[in-house]
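Before any comments, here is the structure.
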Amino acid sequence: MATEQTPSTFERALHEAAAILSAARRPVVLTGAGISKESGIPTFRDALDGLWAQVDPMKLATPQAFRRDPALVWRFYEYRRERMRPARPNPGHIALAALEHRFPALHIITQNVDDLHEQAGSTRIVRLHGKISANRCSLDCRGLPTPVDLSQLSDEQRAETPPHCPYCGGYVRPDVVWFNEMLPSDALNRAQQLAQQADVMLVVGTSGVVYPAAGLPALTRKAGGRLIEINPVVSELTPTMDIWLEGASGIVLPRLVEHLEKDNTLDA
Ligand code: OAD
């Protein structure tokens with residue numbers, strides 16, 4: 001099991017990680033809620049402050065909860081969207097966008113539902129759990145998914161909790177994956193393909209407890225790729241990693257990019 005890192009072991013690990021990454025041809029990055037923590041978005045293990053502190057989000061983000069009380073679940077997501085609105089990419093997101101320029105094959109596979117990777121300039125992104133700013137018909141009346149653009153609704157229609165689908169009148173829901181739901185198959189197939197083809201996977205800010213996302217590093221390992229984790233604490237995946245860089249991604253990722261630049265392997 002990995003142990004606490006001292007500054008010197010951290011620097012050695014960082015140097016080794018940079019050497020592995022600079023030799024990579026098909027790196028892939030798996031991100032979790034931890035990469036957005038420094039942008040002010042709570043992870044799933046942070047106590048949600050204010051109104052929802054006493055509500056377990058794991059009990060709200062389910063199809064059953066939506067069927068039972070659509071208004072409550074809709075309000076929960078409106079609260080999370082409100083809370084996410086001021087969030088901006090942090091140096092970790094920006095470092096990954098810089099890596100995309102350095103590695104033409106680099107893709108990000110994210111479990112996150114915020115859009116901070118896009119805001120930072122990353123373009124090759126596979127979304128496993130959807131996007132909280134998007135909505136769809138809860139009946140997918142025009143096929144899975146049936147996107148619903150709330151800006152096309154009138155003010156009073158938008159004020160309903162939840163609003164109604166303009167095509168079938170069913171409830172609108174956030175376009176995110178809930179517990180007990182399947183992931184979008186095209187995104188999952190693409191993520192598994194990328195993990196199998198990767199020669200290096202950076203695993204950033206995930207506890208590694210939710211599958212199938214948490215199973216992706218094992219696919220890279222099985223195909224002979226190397227695994228590097230960035231997390232301030234040991235996760236479920238740390239024991240399977242080649243390198244664990246102990247620290248916040250907003251600090252460690254820019255250090256990793258800096259190391260690559262020092263080796264002059266980043267484009268000037
Ligand atoms: P978690 O909240 O389970 O784990 C967040 C991870 O980020 C933890 O391992 C923290 O130690 C780490 N972390 C905290 N601060 C960090 C920082 N500054 N830099 C780097 N890492 C940091 O979030 P996820 O692993 O993303 O699923 O959760 C996976 C899934 O569980 C989510 O996508 C969601 C949830 O249920 C769905 O919504 C379907």
- Note on the structure: With +1 on the Cβ of every Lys and Arg and -1 on the Cβ of every Asp and Glu, the dipole magnitude of the chain about its Cα centre, in debye rounded to the nearest 20, is 500 debye
- Task: May I have the convex hull volume per residue, in Å³, for the Cα set of the stretch 211-268?
- Result: 111 Å³
- Message: Using square roots of five times the C-alpha gyration tensor eigenvalues, list the equivalent-ellipsoid semi-axes of the stretch 85-168 in whole Å, biggest first.
- Response: 32, 15, 9
- Query: How big is the stretch 1-158 in terms of Cα radius of gyration and Dmax, in angstroms?
  - Reply: 19.1, 60
- What does the convex hull of the Cα atoms of the chain come to per residue, in Å³, rounded to a whole number? 135 Å³
- Query: When ligands, DNA and RNA are left out and all protein chains stay put, how many square angstrom of accessible area per residue does the chain have with a 1.4 Å probe?
  - Reply: 48 Å²
- Item | Radius ratio Rg over Rh of the stretch 140-259, counting only Cα atoms, Kirkwood formula for Rh | 1.14
- Message: Can you give me the angle between helix 249-262 and the longest principal axis of the chain, using Cα atoms only, in degrees from 0 to 90, rounded to the nearest 10?
- Response: 40 degrees
- Item | Burial ranking of peptide ranges 142-155, 206-219 (average Cβ count within 10 Å, highest at the top) | 206-219, 142-155
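The values are calculated or read from the model by the stated rules, or taken from the named source; none is laboratory data. Keep in mind that what you see is a predicted model, and the values were worked out from it rather than measured. For neighbour counting, all protein chains shown are included, and Cβ atoms are generated from backbone atoms with ideal geometry for every residue, glycine included. All accessible areas refer to the heavy atoms of the entire protein, side chains included, with ligands and DNA or RNA removed. Shrake-Rupley method; radii C 1.70, N 1.55, O 1.52, S 1.80 Å.
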